[in-house]
Amino acid sequence: MFEHTGFIFRCHTMKMILAVTFLLLSMMVMADDSHGDCTNVAEGSLAAAGSVGLKGKPAYAIDGKTENSAKCYNSAVPNRGNNRLKIFLRGSEVGVKYPVKSVTLFAYDTTIRFAKVFVDGYMCGQVQGTGKEQKYEIPCNNVEGGVVTVEQVHSGLRLCEVQVWVSNDLLPDVPVFTNIAVGGTATQSDTNSKYGPELAVDGNMNKWHSGGVCSTIKSSTNFKWWKVELNGGEEKPISSVVIHGSMELPNYTNSVRIFVRSGAAGPAHFCGVIEFHPGNPPVYMVECNGAVGDRIEVEGRPERPLILCEVAVYIEGPVCVSS
């Protein structure tokens, strides 16, 4: 009888400990959930996706509206796997890295289940449970990065909002940066195309080739190239080049090479090559690490067309235009 009573006492004690532990954990979650000492750095950033369904723009995932509504991001085909939503945090174009404390996901439906969250190449975590909850908090432990990715390889992906939290005392300084390619003088190897080179520097980042807004160089041209003389023709230290490819034909930017050149016949600095991966959005940031030049050159592959919907060239600081 004594042993039985002790067993009951131990059971009650264990239940009390578990209850207190659960309460403390709940309080911790609630305190962290408030994000009172943090800033959502996803706002004002660039969102892009590997596939986009009807009226499901990637920008809806960072528009500040967390409620389940018609304005949520959704991938093109509900049962298609290997979907990725990428958020290029503001300033990542010029190398800014954020120590990300956590990422909050607001789900539209159960497609959020098993989705993974990355900061650059570091995996913060994966959504667990039934997928029926509206809100999920993924800790990232202050890992530094410039691009946040939500990846779903099991199904389609529908998200109403993605919030990226950084502690206020760890916020990096974001310098003024400028896209100096807009309005530049562009040329390309295929001069007969009705989709001319100027379409890649018109400031329109609509990534649908069918909308007639992308520069296109046909596959019949063996050596494909696209060039832009940057605004004013003045040499600048180039931080990065961001290539926006076609949503319908994303592999048409695969293996494209990016150069910064100083003068029409001057030395060229190789910035990098684009590597296409199925499911990734057709937006590629290639770092040029301050290479100095007055023009950008893009070289395509001989076996396929080259489609450039927009080419953005970023430098630190504003651009002064003389009147």
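The values are calculated or read from the model by the stated rules, or taken from the named source; none is laboratory data. Predicted model only: the values in this text are computed from it and were never measured. All Cβ positions, glycine included, derive from the backbone under ideal geometry; neighbour counts span all protein chains shown. All accessible areas refer to the heavy atoms of the entire protein, side chains included, with ligands and DNA or RNA removed. Shrake-Rupley method; radii C 1.70, N 1.55, O 1.52, S 1.80 Å.
Numbers at a glance
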{"read-out": "Candidate set: the stretch 168-195, residues that are part of a loop (DSSP other than H, G, I, E, B), of a type in the set (Gly, Ala, Ser) and crowded, with 21+ Cβ neighbours inside 10 Å; chosen: the one farthest from the chain's Cα centre (by Cα)", "value": "Gly184"}
{"read-out": "Residue check for Glu303: open to solvent by 10 Å² or more (accessible area, probe 1.4 Å), farther than 29 Å from Val174 by Cβ, of a type in the set (D, E, K, R) and in contact with a strand residue (DSSP E or B) (Cβ under 6 Å, 6 or more places away or on another chain)", "value": "no"}
{"read-out": "Residue selected from the stretch 214-237 under the condition assigned to a loop (DSSP other than H, G, I, E, B) and open to solvent by less than 20 Å² (accessible area, probe 1.4 Å), by the criterion farthest from Pro318 (Cα to Cα)", "value": "Lys224"}
{"read-out": "Cross-chain or 6+ apart pairs with Cβ under 6 Å, the stretch 123-145 first and among the polar types (S, T, N, Q), then surrounded by 14 or more Cβ atoms within 10 Å (Cβ to Cβ)", "value": "Gln126/Lys116; Gln134/Ala107; Asn142/Pro99; Asn142/Lys101"}
{"read-out": "Output for the stretch 258-279, where each listed residue is open to solvent by less than 30 Å² (accessible area, probe 1.4 Å) and either part of a strand (DSSP E or B) or closer than 20 Å to Thr149 by Cβ (or both)", "value": "Ile258, Phe259, Val260, Cys271, Gly272, Ile274, Gly279"}
{"read-out": "Candidates Ser240, Ser246, Ser255 - the one that is in a loop (DSSP other than H, G, I, E, B) and either among the aliphatic types (A, V, I, L, M) or open to solvent by less than 20 Å² (accessible area, probe 1.4 Å) (or both)", "value": "Ser246"}
{"read-out": "Pairs, first outside any strand (DSSP E or B) in the stretch 151-167, second surrounded by 21 or more Cβ atoms within 10 Å (Cβ to Cβ), C-beta under 6 Å, six or more apart", "value": "Ser155/Thr111; Gly156/Ser75; Gly156/Thr111; Leu157/Ser75; Leu157/Asn83; Leu157/Thr111"}
{"read-out": "From Ala47, Ala59, residue being open to solvent by less than 40 Å² (accessible area, probe 1.4 Å), at pLDDT 85 or above and closer than 13 Å to Gln163 by Cα", "value": "Ala47"}
{"read-out": "Residues of the stretch 13-44 that turn out to be modelled with pLDDT of 50 or more, exposed (fewer than 10 other Cβ atoms within 10 Å of the Cβ) and part of a helix (DSSP H, G or I), as a count", "value": "1"}
